[in-house]
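Below is one structure; the comments refer to it alone.
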Amino acid sequence: MRSHQSTIATAIAASLLALGACNKGGGRPPAAADAASNAATSSSPAVAGAEGAASAGVSAASTALRVNAQDFVTAAATRDMYEIAAAKIALARSTNPEVKRFAARMIHDHTYSTDKLKALLASGAVKATAPTDLDDRREGLIGDLNAASAARFDKIYIDQQAAAHQEAVDLFQNYSEHGDNAALKAFAARTLPTIRTHLTMAQQMQTRIK
């Protein structure tokens with residue numbers, strides 16, 4: 001009996017020591033580590049990788065995936081093309097001055113980021129190719145804007161913008177922290193504050209446009 005109690009005490013002591021070492025080293029319990037690992041591996045790393053994780057609205061743990069330069073360039077360039085195309089439709093169709101101002105800023109800012117990305121690619125600092133056409137998903141979003149009734153247009157446009165810029169924040173933050181090209185990481189970090197501003201603007205308009 002005494003031997004059995006001694007064995008239990010030894011096991012408890014070992015467990016406490018292990019937990020203390022984990023906490024001292026800034027670690028986390030195995031269950032939490034497993035949960036984060038499962039979340040990360042459940043997301044496809046594909047525009048494939050960068051795009052899939054952000055578009056699925058995954059958690060912070062799962063977006064912390066290493067993204068290669070080509071995937072990021074494809075995702076970033078596609079987003080810029082979509083933002084500019086959507087904003088042009090908003091300028092033509094919306095009668096709301098706030099929406100029109102927002103759309104005009106989207107054209108300006110996303111044209112600027114497109115130019116910066118193209119210059120980076122032309123410099124040879126990044127070995128990647130930017131797409132020239134929208135992907136199927138964003139073609140569908142543009143189709144939704146064109147098909148929207150006049151009464152529903154502003155809400156559909158701003159809802160799209162809030163979702164798109166949340167995805168963009170996730171994408172650019174992830175690459176700025178985990179990307180594989182120093183020059184492209186710097187571009188992502190410089191562009192991120194502007195995207196965050198766009199997200200805040202879109203979210204604020206969501207509260208006013210029903």
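Computed from the coordinates by the stated procedures, all read-outs in this text should not be read as laboratory data. Remember, it's a predicted structure, so these values are computed and weren't measured experimentally. Ideal geometry is used to build each Cβ from the backbone, glycine not excepted, and the neighbour counts take in all protein chains shown.
Peptide packing: for 69-81, 101-113, the average count of neighbouring Cβ atoms within 10 Å per residue gives the ranking 69-81, 101-113, highest mean first. Of the peptides 128-137, 114-123, the ranking by mean beta-carbon count within 10 Å, highest at the top, reads 114-123, 128-137.
For the residue pairs K127/K155; K88/K116; K185/K210; K116/K210, the alpha carbons lie more than 32 Å apart in K127/K155; K185/K210; K116/K210. Placing a label point 7 Å from the Cα of T197 along the Cα-to-Cβ direction, the residues of the stretch 74-111 whose backbone N falls under 16 Å of that point are 101-111. Computed from phi, the 3J(HN,Hα) profile of the stretch 124-136 under the Karplus parametrisation 6.51, -1.76, 1.60 (θ = phi - 60°) reads x, 6, 10, 8, 7, 10, 7, x, 10, 10, 5, 7, 4 Hz, with x in place of Gly and Pro.
Give the calculated FRET efficiency between I89 and T207 to the nearest 0.05, with a Förster radius of 30 Å applied to their Cβ-Cβ distance. It would help to have the intermediate numbers written out before the result.
Details: r = 22 Å, r/R0 = 0.75.
Calculated transfer efficiency: 0.85.
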